[in-house]
Amino acid sequence: GVALLNPTCCDDIYEFKLTEYININLLGKVLDSVDCLTDYQINIYIKDKETNEKYLSKQIKSDSCNFNLNLEQGFDYIIEAKKDGYLNRAKEFSTKGVTKSETFKNKIDLTKIPKQPMVLVGILYEFNSSKLTKEAKAAIDTSLYKILMENPDIIIQISSHTDNKGSDSYNLKLSQQRAQSVVRYLVLNGIDKKRLQFQGYGETMPIALNENADGSDNPEGRALNRRTDFQIIGKVDINDMDDIDDDSDRVIKSKPPKKKNNTF
């Protein structure tokens, strides 16, 4: 600046942020299956993939089904939707590689917190054992573990059930060990143990017939009874939890790191 009345003339310092040259909009909807939801909160995080930390960038509340986010170029974002009575849901969205003004569309489906236990599909064990199979671990990673990471304040009980083959006492013990195996796997992957309880019910809570009406075996019914499920039983103060392992996502409510130059 030039000010003739200023004895030092030209030592003004100015700062500005140039964002108009590229405009990135994310138009979204928050749904309950197919129905629109209102009165929810959107949390916008910037994720640092090198450190696996996420930085809270902005929070907005909406009384409409639709939301419109203006994002900056060159970042990895996590867009999280929260609503009372529903499980949180988060989606990742990256503006790295976006080189021109563009509008994207997306939707976030929220699931109402059920009162009944939710069966975990694909949780299988070695025969006559409590050891989780490789397929079971993969199923946990993409279902229960994801739910726990997106909802860091919920407490769940994991329950395991068997069919009626074998003695009552043996089935009860086996189911207890299987439920405990799921808890152990989650803890090893960074879920705080204060959020996890487990219980084995053996053959006492079937959801299908083990035998048909004529006394013949019912393999389909037995398969349904050999299940692992979970139920949300409460909430925990996230400030009262143990330190989270380095491999899990950490949320830091501070300014994000400066954007690095990107090559496209």
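Compute the distance in nm between two label points, each set 7 Å from the Cα along the Cα-to-Cβ direction, one at residue 25 and one at residue 65. Simple spin-label model gives 1.9 nm for this pair. Counting 0.36 nm for each residue step from residue 53 to residue 113 and taking away their Cα separation leaves a gain of 18.9 nm. Distances between every pair of Cα atoms in segment 77-166, grouped in 5 Å steps from 0 to the bin holding the largest one, split as 2, 10, 17, 18, 15, 12, 10, 7, 4, 2, 1, 1, 0 percent.
Per residue, the accessible area of segment 110-167 comes to 54 Å² when a 1.4 Å probe rolls over the protein heavy atoms. The listed residues 62, 169, once ranked by accessible area (1.4 Å probe) with the largest placed first, stand as 169, 62. The portion of the accessible surface of segment 95-146 made up by carbon and sulfur, rounded to a whole percent, is 54 (1.4 Å probe; DNA, RNA and ligands excluded).
Please work out the C-alpha center-to-center distance from segment 101-159 to segment 195-209 and express it in whole Å. With segment 101-159 and segment 195-209 each reduced to a Cα centre, they are spaced 17 Å.
The values are calculated or read from the model by the stated rules, or taken from the named source; none is laboratory data. From a predicted model like this one, the values you see are computed outputs, not experimental measurements. All Cβ positions, even for glycine, are placed from backbone atoms using ideal geometry, and neighbour counts span all protein chains on display. Areas reflect the complete protein model, heavy atoms only, side chains present, ligands, DNA and RNA absent. Shrake-Rupley method; radii C 1.70, N 1.55, O 1.52, S 1.80 Å.
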